[in-house]
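Here's the structure we're looking at; comments come further down.
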Amino acid sequence: MSDPHSVSGKPCIICVAITGSLPTKENNPAVPITISEQVESTQEAFEAGASIAHCHVRDDEGKPTSDPERFARLKEGLERHCPGLIVQLSTGGRGAGRARGGMLPLRPDMASLSVGSNNFPTRVYDNPPDLVDWLASEMLRYDVKPEIEAFDLSHILQARKMADDGRLTGTPYVQFVMGVKNAMPADRDVFDYYIHTVKRLFGEDAPWCAAGIGPQQIVLNDWAISSGGHARTGLEDNVRIDRDTLAQSNAALVRRAVDLCERHERPVASVAQARQILGLRAA
């Protein structure tokens, strides 16, 4: 009799966080800054196995921005060069207030949604309730599926509350973020309880993902893949392959996650499978 809890054979979605708000060419020359660099880097990661691209944009000086026009050009380039790729735009970044959701009328497949505040290395990542509610309402308006960024256990419970009162529809896709300085560290007991909480609140088959920051990226990749979840990697979160070696590309980090999928006997999800798992419209 097969083990009903076995993860073997369960497709794993790989998300590549290509740029972020902080990494620079000084940190790693492979960090893609311009739109064309981001499209090229994502295409390579897509061909390596990524089915979601988590996207930020930068201005002409390489600083983070929420400029909808830049997001539009990036989205267009990704859709042209990466057929079927799930485009997930960030409403985090370093934008202020409702400017953080100014790209949602572009109707990307997904967008990140942080439903509560927490500490970051040098500041508070401020997500006040009125802004969270507005971002969620815009995602409903434009048929954008949120990815709930859970920096804390309370964020998972808040997602359940928002689903109950109609601010979210369907089964939320929750991503555990661990390893941010001054926020939740990579703690295995907490990680396992996060999984327990998602299954208790949203059902045994509710999809979830995990992201680890810096050296915790490979740790969270392994925990998530071996536990039946989905994995996020990419230069936004980590610019190194190991302590002494810079990652050559986003694709190199994706290939590392693919290797873990093979080790745990999980096929890498195709874009069609990823869309089905997440309840997204076909490409």
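Evaluate the charge dipole of the chain about its Cα centre and quote only its size in Debye, nearest 20, assuming +1 on the Cβ of each Lys and Arg and -1 on the Cβ of each Asp and Glu.
Numbers: 31 positive and 37 negative charges, 51 e Å.
Computed charge dipole of the chain: roughly 240 debye.
According to the Kirkwood expression over distinct Cα-Cα pairs, how big is the hydrodynamic radius of the chain, in Å? Can you show the working numbers first?
Details: mean 1/r = 0.0539 Å⁻¹.
Final number for the Kirkwood radius of the chain is 18.6 Å.
Please give me the summed charge of the neighbours of S41: other residues whose Cβ is under 14 Å from its Cβ, Lys and Arg +1, Asp and Glu -1.
On the way: positive: K25, R58, R255; negative: E37, E40, E44, E47, E236.
Charge balance near S41 sits at -2.
Name the most mobile residue of Q43, Q175, Q158, meaning the one with the largest mean-square fluctuation, in a Gaussian network model of the chain with Cα contacts below 10 Å.
Q158
I'd like the antiparallel share, as a percent to the nearest 5, of DSSP beta bridges with both residues in the chain. Could you put the intermediate results ahead of the total?
On the way: 6 of 34 bridges.
Expressed as a percentage, antiparallel bridges in the chain total about 20.
Picking from I218, G234, G279, whose Cα lies most toward the positive end of the charge dipole for the chain (charges on Cβ: Lys, Arg +1; Asp, Glu -1)?
Looking along the dipole axis, the top candidate is G279.
So if I place +1 on the C-beta of Lys and Arg and -1 on the C-beta of Asp and Glu, and nothing else carries charge, what would the dipole magnitude of segment 144-207 be about its Cα centre? I want it in debye, nearest 20. Don't skip to the end; give the middle numbers.
Working: 8 positive and 10 negative charges, 24 e Å.
In debye, rounded to 20, segment 144-207 gives about 120.
Lysine pairs in the chain with Cα distance under 19 Å, only those 8 or more apart or on different chains: how many are there? Display every interim value, and only then the final one.
Details: K10/K199; K25/K63; K63/K75; K75/K145; K145/K161; K161/K199.
Close lysine pairs found across the chain: 6.
Once every Cα of segment 201-283 carries one equal point scatterer and solvent is ignored, give the base-10 log of I(q)/I(0) from the Debye formula at q = 0.13, 0.15, 0.24 Å⁻¹, two decimals.
Debye intensities relative to I(0), on a log10 scale: -0.44, -0.58, -1.20.
Using Cα pairs closer than 8 Å and at least 6 residues apart in sequence, work out the relative contact order for the chain, in percent.
Numbers: 584 pairs, mean separation 68.1, N = 283.
Result for the chain is 24 percent.
Given just the C-alpha atoms of segment 10-135, how large is their convex hull per residue in cubic angstrom?
On the way: hull volume 16.4 nm³, N = 126.
Taking only Cα atoms, segment 10-135 has a hull volume of 130 Å³ per residue.
Using the Cα centre of segment 1-126 as the reference point, and only Cβ charges (+1 on K/R, -1 on D/E), how large is the resulting charge dipole? Debye, rounded to the nearest 20. List each step's numbers first, then the result.
Working: 13 positive and 15 negative charges, 81 e Å.
Dipole of segment 1-126, to the nearest 20 debye: 380 debye.
Write out the GluC sites (Glu not before Pro) in segment 193-283 meeting two conditions: DSSP loop, and at most 16 other Cβ atoms within 10 Å of their Cβ. Show your work: numbers first, answer last.
On the way: sites: E204, E236, E262, E265; in loops: E204, E236, E265.
Within segment 193-283, the qualifying GluC sites (Glu not before Pro) (loop, at most 16 other Cβ atoms within 10 Å) are E204, E265.
Suppose accessible area is computed on protein heavy atoms with a 1.4 Å probe; arrange V87, V239 from highest to lowest.
Solvent-accessible surface, decreasing: V239, V87.
For L135, tell me the accessible area in Å² from a 1.4 Å probe, rounded to the nearest 10.
About 0 Å², rounded to the nearest 10.
How much space per residue, in cubic angstrom, does the convex hull of the C-alpha atoms of segment 41-87 take up?
Values: hull volume 3.4 nm³, N = 47.
About 73 Å³ per residue, rounded to a whole number.
Mind checking the log10 I(q)/I(0) for segment 67-128 at q = 0.15, 0.19 Å⁻¹? Debye, one equal scatterer per Cα, no solvent, two decimals.
With no solvent term, the Cα-only Debye profile gives -0.51, -0.74.
For segment 93-244, what is the Kirkwood hydrodynamic radius in Å, using each pair of distinct C-alpha atoms?
15.9
Could you tell me the relative contact order of segment 165-276? Use alpha-carbon pairs under 8 Å, at least six residues apart, and round to a whole percent. It would help to have the intermediate numbers written out before the result.
Details: 136 pairs, mean separation 22.2, N = 112.
20 percent.
Give the share of C-alpha pairs in each 5 angstrom bin for segment 1-83, from 0 to the last occupied bin, in whole percents, shortest bins first.
Histogramming segment 1-83 at 5 Å steps yields 3, 14, 23, 21, 14, 8, 5, 5, 4, 2, 1, 0 percent.
Can you pull out the trypsin sites (Lys or Arg not before Pro) in segment 199-283 that DSSP calls coil and that have at most 11 other Cβ atoms within 10 Å?
Within segment 199-283, the qualifying trypsin sites (Lys or Arg not before Pro) (loop, at most 11 other Cβ atoms within 10 Å) are R243, R281.
The values are calculated or read from the model by the stated rules, or taken from the named source; none is laboratory data. Computed from a predicted structure; not experimentally measured. Glycine gets a Cβ as well: all are built from the backbone with ideal geometry, and neighbour counts include every protein chain shown. All accessible areas refer to the heavy atoms of the entire protein, side chains included, with ligands and DNA or RNA removed. Shrake-Rupley method; radii C 1.70, N 1.55, O 1.52, S 1.80 Å.
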